[in-house]
Each structure stands twice: as C-alpha cells, then as structure tokens.
Amino acid sequence: LLAERGAAARPGFDPAQDPGASAEVCRRLDGLPLAIELAAARLRGMTIRQIADRLDGRFQLLSSGSRILMPRQQTLRAVVDWSWDLLAKDERALLRRLSVFAGGCTLEAAEQVCADDEVPAGEVAGLLLSLVDKSLVVADLDAEAGPARYRMLETIHEYAAERFRDAGESEVQQTQGRHLRCFREFVRRTEPLLHGPGQLDQLDRLEQEQDNIRAALRRALDTGAEQEALCLALGMSWSWSLRDYGREARTWLDAVTAMGPDPFDADPYAADPEGNAPAPLDAPPPWPAAVLLEARRQAVLFRLMAGLEDDFSTAPSEVLVERGRRIIAGYPPELPRSSRFPAPLRAVTAFMTGDLAQLPELMDAVVDGCRRLGEPWDLAFALQFRAKFGNDQAGGLPQSAADADEALALFERLGDRWGASEALSAKAEAAGKRGEFAVAAETYARAIRLAEELGAGHEVPILLVRQGEALLGAEPEKAERLIAEGVQRAVDRRQQNSGSIFFGRMLLLIVAVRRRDRERADEVLRLLDQSPAMVGPLGPPIVGGLVDCLRGWMECHFGEPLTGVPMVRQGIARVRGATRDSVWFTDFIVVTLLSLAAGGLSLLARRGTHPEAARLAAVLLGTHAARNKDAGNKLELMERHEAEQRLRAALGDTGYDAEYARGGRLTVEEAAALLDSWDPGESG
C-alpha cells in the first residue's frame, strides 16, 4: 500500500530505496491503511526517512490527505476524533487512563490503576472488552504467556495520552499515583520469588512489565518520592543482575541514591541498635527511620554490585577507598541485618577498593554471620562466594570444595537455578585445580545449562572458557573452540571487566605456543596487550605484569630464553610491587608465575651453558609445588613435567631433588628474591 500510494504521490518512489524507514512508517502507524495513505501523500514534499523521524507528532504531520475522501478521513486526527466521539463517557475515561501504561497491562492492573468513582472497578472488565470490540484496544491472548494483556496501537496511545493530559491535574495525578503504587507492589511482592523454584516465571513477569516499571521509577524520581523509588529499585536490582541489565541498574541506582544523604555517614547502631528492623521490601512505604536507612544502604550495595562492569583503568580514588571502609564498618558482623542479603555484598568493596589484604577475614566473617543469623539463601550465597575466593588461595581447595558442596545443596533445595549454577562453577573450578578435568568439564556443562535456562547469558562466557580449559588435555580441538567461543561472546556483550576475555586469551596464547604456531601466538599476544586495563581486582600493574610474563615465556619457547627469562622476571616484579600489601594475593599470583620462570630457565639450562639457571629453576618448581602442587590446567601440568625432565637431565636426579627440596622450604617472597638476584650473564 505504501509503495502504491507513494508512487502516486511522487512518481518513482520505491520503499526499497530506504527499506528501514519504510518499514518503520508502516510499523509505527500500526498498519492502519488510512494512516499509511496519509503518510504516502506527504511524500510529495518529504523523504520517507523524514516522515519516519517525525511520527512522534503524527497528528500534526498527517493533517491533510486526499481531497476526495470524506472530511473525517482527511486527517489522522479526524479519524480518531470520530471514533472517540462514538464512545460513552466511562469508555472515554478508561481509554485515556489506559495511556498511563507503557507496554500494555493485564486486566488486574487496569482495575487497580484506572478505577475510581467515575469508572468503578467492577465495570473495568466490561468497558475494556467494549474498547477491544471497537478496535481501540488490542487483546493479546497467548495462553503460554499467561493472562491476557491489553495494549493500544501507537496511534491510539498517542491520542489517548493527549486526552489524558487534557482531563485535568487531579485525574492525571491520581491515576499516575495508582500506577506507581501498582507496580511498586508488583515488584516488591515478586522479588522474594526470584530466589526459589518459580524463579524463571517471575523473571519473565518482570521482563514483561519492564516498561511499566521504568515508567513508575521515572515518575517516582520526577516527583521526589524517594521511598517509592528506593522500593522499586531494590525490588528490581536482583532481576537486573540476573538478566544482565547492568547499565540500566547503574543509571537507576545512581539517580535513586542521589535522592538522599549518604547512609554510611550514619552510626550503624543508632537507628536500629539490635539490627532487627524489618527488611525494606517486607512492607510498603512509608517506612520508619531504621528501615529507610537500611533501604538507602542496600541501594548503595546494589550499585556497588552493578559497578563491577565499570571502568577500572585507574587505581581506586581515596574517596572510594574511604567509602569502602565505611560500608564494611556499617555492617558490624554481630548485627542480624549484616547477614541478610545484600549486606554480604560488602565483601565486594575489598575488590572495588583494592584493599585485598582484609578479604580472607572478611569472607570468613560473612559466612559465619550468615550461618548464625541469616536465612538459608543468605548462607548459600556467602558460601558460593567464599568457595570461588578459596579456589584462588594457596591451600584453599579443601575449604572451597566443602563450601561449594554445601552451597549447591542449599540452592538445589531452594530451587534457585542461579545459585546452583554459581555453586557448580565453584565446584568445577576446584575439581580442575585438583586435576579432575573430566569432572570439571561436566560440572561446567551443568552450570552452563542452568545459566542458559535462566536467561543469564552474561554468565556463560567465563563458564565456556573454564570448560574449555578443563578439556585442554583430553579434547584439545574442542577445548580451543570453547575457549574462543567464550572470549567472542564476552567481546560481543562488551564484558570488558569480566575476566573472560583476558583469561581466555591467556589460554589461547598457551595453546598457540605449545603447538609452535608463532603467527597465532603473536596475534593473541597483541590482543592481550589491548585487553582491559583492569580485570576484577587485577589493576593495570598486575595485568601488565602477567602479559610481560607470558611474553617472556613465549620467547623462551621460541628459542630465545636469554631474552625471555628477564621478561618473566620483570613481570613478576611488577606483580609483586602491585600486591605487596596483600600477602595471600601475592602468593596466589606469583607462585603460579614462578613456574613460568622455571620453565624458561629449564629451556636455558638444556643448552648446558647455565648450570645456575638449572638450579634456580629446580628451586622455583619446589616453591611452587609446596604451595600449589597440583593446581593448573593440563597444559600447565605438562609444562611443569617437561621442565622437570629437562632439569633432571641437567642436574641429575640427586642434584634436582636437593634443589627442589630447598625451594619447598622457601617463602614465595624468598624464591622471587632469588630470581631477582640471578645474573643471566653467568655461564658454566
């Protein structure tokens, strides 16, 4: 119809000349033949793109058409005016009030929002069906999607919104207030159901009402209704996290937290000395002072969680560090509220502020508090969090495995797919570090299935990378494919700080080097150089140090150990300098890097010209084994085994065993100092 009428108005017009704009005009005019004819008439003096860009003012734009049409058909407004004039008074009231909804509504919502003395609640259903019969409202009847939803065509919605604004301030404010309260209560009552067996259905319900929830939030912000805005934002924060609405969460939470004072300026005992005040979502606003304070604090914590995707290219500011300390102090572990989600998120502040030294003690305090004072879900959350942390601690695997098992049992009993996926991820990582690669790969596969069922696509990239890592020894081609897929998915989703991209590329580099593919290795190394400046808690010096180590290790394998080993040493020095205040974290990273240095030194020792290099390499392997003996993927284990064979050939079994044992008695710092003092110019 657009092609035919457009060509009549402007000979030569063809929708294919701008198919996007042509489709937009037809869609936004709801496929209404008369509206499309009126738009086509405008092609005498405008392009189809100009028309599409001006459809927000469609009643002014489409104000004249064919002179042979009846008067009521010569403008779009006249057409809709004619339909409006045929409505009864109560039908008009309902139609204009329905314009307050964004994205349609259910019958129940229409009854809650649109009913008053003029339109009694008991009559809303009949009036709504009458508007459907008159084609002014569309009923979407999809049995699988739940109850019928009602919406207006865009043209009718714009017209009804004009009539709504003209109805008078009292009706507008009362209807908008009912809309805000309706969706605040919907969100508040739905949030607790996101942690149980109905998780998927409730997430879908929230997705379906996203536009209405956004409209309610915007209204609360515009009218200064802080408590309403807090209730909506707190009710949506977990759903935003599960479905990867991080950017939107940050925008809303920034606006909501700006409405009130900094809640962490307050004495944590003042408003609620026993820490037993109801949770903000337990009851609707207005809240007593203690509940309002906790609502403000929770909004800050959820903003902190949403901020894990922020830009961390620079070190945390003094202001952020100080705020992190006040957040931790604001939740004393002896108070019950400190063990109720989202309070355990305070542990995230150690990552955000770079204050990693206190993380082990903080994680233990969170778990202990949740065990004594929290609900089962709170404990399960804290356990899976500590399990992932324990996987990165020297000697932490037994506790990590126990935490992951307990968390998984709790989440499965509660019916929480997200939690089960997270616990499985921690469990799989622990299995991989123990060398149980087949178990790890299958467990990651289970975690991926749950994440995909949940619609949490942002969780999948790192799981794919980890699954690929577990398969490196048994199915190398599949492993590389999975790792590359995980990296690409993270790139496509712009998950710059998730760790998937950096860690996945590290693995791909190791694969390329081991198969002697210099071109591919150089390509991946270039990508690593361009990786984000910060990955989680890893700041620019740490990431730069890791890349230096990998570059040096690569040079060693491609025949240049005298060039490569100093690069590895330089990288380790950078990492040590950046993590010196967090001994556990330094040990975790540096002990792994010492094995890279040992591998490079063993390649140098194989030449028979650097016996000191051989002895030092054996010492470094001994230090590594004493703290991290079995940790690493299959390729890392093979690397260390090959280095050992080269060193035994160079030193003899007795010489190797003696140096290896000596390394086992050294601290990580002492072993690193030996590497620092080694002179590559020494020769036999």
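Which ³J(HN,Hα) values, rounded to whole Hz and listed in residue order, are derived for region 646-655 from phi using the Karplus coefficients 6.51, -1.76 and 1.60 in 6.51 cos²θ - 1.76 cosθ + 1.60 with θ = phi - 60°, glycine and proline given as x?
For region 646-655, the Karplus curve yields 5, 6, 5, 5, 7, 9, x, 4, 5, x Hz.
At a threshold of 8 angstrom on Cα-Cα distance, excluding pairs fewer than six apart, so keeping six or more, what relative contact order does region 114-211 reach in percent?
On the way: 42 pairs, mean separation 12.9, N = 98.
After rounding, I find 13 percent.
Using a 1.4 Å probe, what is the accessible area per residue for the chain, in Å²?
Numbers: 28870 Å² over 684 residues.
Heavy-atom accessible area per residue stands at 42 Å².
Taking only DSSP H segments of four or more residues, each worth -39500 (n - 2.57), what value at 222 nm results for the chain once the sum is divided by all its residues, to the nearest 500 deg cm²/dmol? Write out the running numbers ahead of the final one.
On the way: 33 runs with 454 residues, N = 684.
After summing the helix terms and dividing by the residues of the chain, the value is -21500 deg cm²/dmol.
Under the rule of at least 5 residues apart or a separate chain, name every residue whose amide H is placed under 5 Å from the amide H of Asp116.
Amide H to amide H, under 5 Å and 5 or more residues apart or across chains, Asp116 pairs with Ala121.
Using the alpha-carbon atoms, what tilt in degrees (0 to 90, nearest 10) does helix 124-133 show relative to the longest principal axis of the chain?
Taking Cα atoms only, the helix is inclined about 80 degrees.
Tell me, what is the 1.4 Å probe accessible area of Asp201, in Å² to the nearest 10?
Roughly 100 Å² of Asp201 is accessible to a 1.4 Å probe.
Which cross-chain or sequence-distant (5 or more) residues have an amide H under 5 Å from the amide H of Arg149, H modelled 1.01 Å from N in plane?
Hits under the 5 Å cutoff: Asp140, Asp142.
In degrees between 0 and 90, to the nearest 10, how far off the longest principal axis of the chain does helix 226-242 point, with axes built from Cα atoms?
60 degrees
For region 77-197, list log₁₀ I(q)/I(0) at each q in 0.09, 0.10, 0.21 Å⁻¹, using the Debye formula over Cα point scatterers of equal strength and ignoring solvent, two decimals each.
-0.25, -0.31, -1.25
Once phi is turned into ³J(HN,Hα) by the Karplus curve 6.51 cos²θ - 1.76 cosθ + 1.60 with θ = phi - 60°, what whole-Hz value does each residue of region 593-605 show in order, with x for glycine and proline?
5, 4, 5, 5, 4, 4, x, x, 5, 5, 5, 5, 5
Rg and Dmax of the chain over Cα atoms: what are they, in angstrom?
Rg and Dmax of the chain, Cα atoms, are 31.6, 106 Å.
Order of 89-99, 215-225 by packing, highest average Cβ count within 10 Å first? Walk me through the numbers on the way to the answer.
Details: 89-99: 21.5, 215-225: 18.1.
So the peptides 89-99, 215-225, ranked by packing, come out 89-99, 215-225.
Cα axis of helix 561-579 to longest principal axis of the chain: angle in degrees, 0 to 90, nearest 10?
Approximately 60 degrees, to the nearest ten.
Under 30 Å between alpha carbons: how many lysine pairs meet that in the chain, if sequence neighbours fewer than 8 apart on the same chain are excluded?
Pairs that pass both the separation and distance tests number 14.
Over the chain, what is the mean sequence separation of C-alpha contacts under 8 Å (at least six apart), divided by residue count, expressed as relative contact order in percent? Before the final figure, lay out the partial values.
On the way: 1024 pairs, mean separation 49.1, N = 684.
Relative CO of the chain lands at 7 percent.
Using θ = phi - 60° and the Karplus form 6.51 cos²θ - 1.76 cosθ + 1.60, what ³J(HN,Hα) does each residue of region 479-488 get, whole Hz, x for Gly and Pro?
4, 5, 5, 5, 4, 5, 5, x, 4, 5
If you average the alpha carbon positions of region 198-252 and of region 488-525, how far apart do those two centres end up, in angstrom?
Cα centres, region 198-252 to region 488-525: 36 Å.
The values are calculated or read from the model by the stated rules, or taken from the named source; none is laboratory data. Keep in mind that what you see is a predicted model, and the values were worked out from it rather than measured. Don't worry about glycine lacking a Cβ; one is built from the backbone with ideal geometry, like all the others, and counts go over all protein chains shown. These area figures cover heavy atoms from the full protein model, side chains too; ligands, DNA and RNA do not enter into them. Shrake-Rupley method; radii C 1.70, N 1.55, O 1.52, S 1.80 Å.
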